[in-house]
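Peer 1: Dumping the structure here so I can ask a few things about it.
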Amino acid sequence: MAFYIGSPAPDFSAETTFGPLQFHAWAGSQWVIFFSHPKDFTPVCTTELAAVARLADALQQRNAKAIAISVDSVADHHRWIADIEGTQGIAPNFPIIGDPNRTISRLYDLIPPDAPDSFTVRSVLFIDPARKVRAIITYPASTGRNFDELLRVLDSLQLTDNHKVATPANWKDGEEVVIVPSLTDPEEIARRFPKGHTVLRPWLRLTPQPNR
Ligand code: BEZ
């Protein structure tokens, strides 16, 4: 199954480092950062899992939680966790799914057709509380992800779900945003954006972030 923005996020049962779980029940009413990594006991993945562990507070503030997957077994994950903690000073504080049979990796299209079957690609799926895939970021195995970008995307998704705005290039939480072009009623604009707005073009209008 191919995954796109707006695809439903299928449910699955999994063995994880936190014990067995049912994905939708585990996700509850939270956003989920579901990320795959190619392989246990590899250097880039080791730094990535530690980087996500360091985001625990930031994710909690955003009503979000992380879950990782690779095609290795849970027993391998547990052995690797000791090395992550030993080398990075922090252990993963989120479940890591063991998927040696590739069942969940295939369900979520995490093994590209031209990749070795033994590698899940370095992907991140943002899944909202309605269990829809809202964004997908995919990197090659040789490039470790920028996990600050994950928080930035999550902030943008949550902001733009609640306000008629979009976030411009390199936007960070607290910075100016753009008013969506479909909003043209002057009264509604004034009501929604009481701090005012700047018109650079009729279709390019900037306003302070409305929830700040
Ligand atoms: C790594 O995580 O370091 C890695 C994984 C697969 C291929 C290359 C690097």
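Peer 1: With a cut-off of at least 2 residues that are more than 25 Å from Phe12 (Cα to Cα) and in contact (Cβ under 8 Å) with a residue 12 or more places away in the chain, name the helices (runs of 4 or more DSSP H) lying wholly within the range 62-172.
Peer 2: 74-88, 147-162
Peer 1: Within the range 44-93, work out how many residues are among the β-branched types (Val, Ile, Thr), more than 12 Å from the ligand (Cβ to nearest atom) and closer than 30 Å to Ser156 by Cα.
Peer 2: Count: 4.
Peer 1: Also, I was wondering about something else. Would you check if Asn211 is in contact with a Leu (Cβ under 7 Å, 6 or more places away or on another chain) and more than 16 Å from the ligand (Cβ to nearest atom)?
Peer 2: yes
Peer 1: Assigned by TED's automatic domain parsing to the domain that holds Ile127, more than 16 Å from the ligand (Cβ to nearest atom) and in a loop (DSSP other than H, G, I, E, B): which single residue out of Phe18, Phe34, Phe3 fits that description?
Peer 2: Step by step, each of Phe18, Phe34, Phe3 is checked, and only Phe18 is assigned by TED's automatic domain parsing to the domain that holds Ile127, more than 16 Å from the ligand (Cβ to nearest atom) and in a loop (DSSP other than H, G, I, E, B).
Peer 1: Among the numbered conditions (1) within 16 Å of the ligand (Cβ to nearest atom); (2) more than 22 Å from Leu59 (Cβ to Cβ), tell me where Gly196 comes up short.
Peer 2: Answer for Gly196: the failing condition is (1).
Peer 1: Go through the range 168-197 and count every residue that is of a type in the set (Val, Ile, Thr) and in contact with a Lys or Arg (Cβ under 7 Å, 6 or more places away or on another chain).
Peer 2: Number satisfying all stated conditions: 3.
Okay, residues lined up against (1) surrounded by fewer than 17 Cβ atoms within 10 Å (Cβ to Cβ); (2) at pLDDT 95 or above; (3) over 20 Å from the mean Cα position of the chain (by Cα); (4) not assigned by TED's automatic domain parsing to the domain that holds Lys132:
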position	(1), (2), (3), (4)
Glu149	yes, yes, no, yes
Arg152	yes, yes, no, yes
Asp155	no, yes, no, yes
Gln158	no, yes, no, yes
Ala169	yes, yes, no, yes
Val178	no, yes, yes, yes
Pro181	yes, yes, yes, yes
Glu187	yes, yes, yes, yes
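The values are calculated or read from the model by the stated rules, or taken from the named source; none is laboratory data. Remember, predicted model here, so these are calculated numbers, not experimental data. Cβ coordinates were reconstructed from backbone atoms using ideal geometry, including for glycine residues, and neighbour counts include every protein chain displayed.
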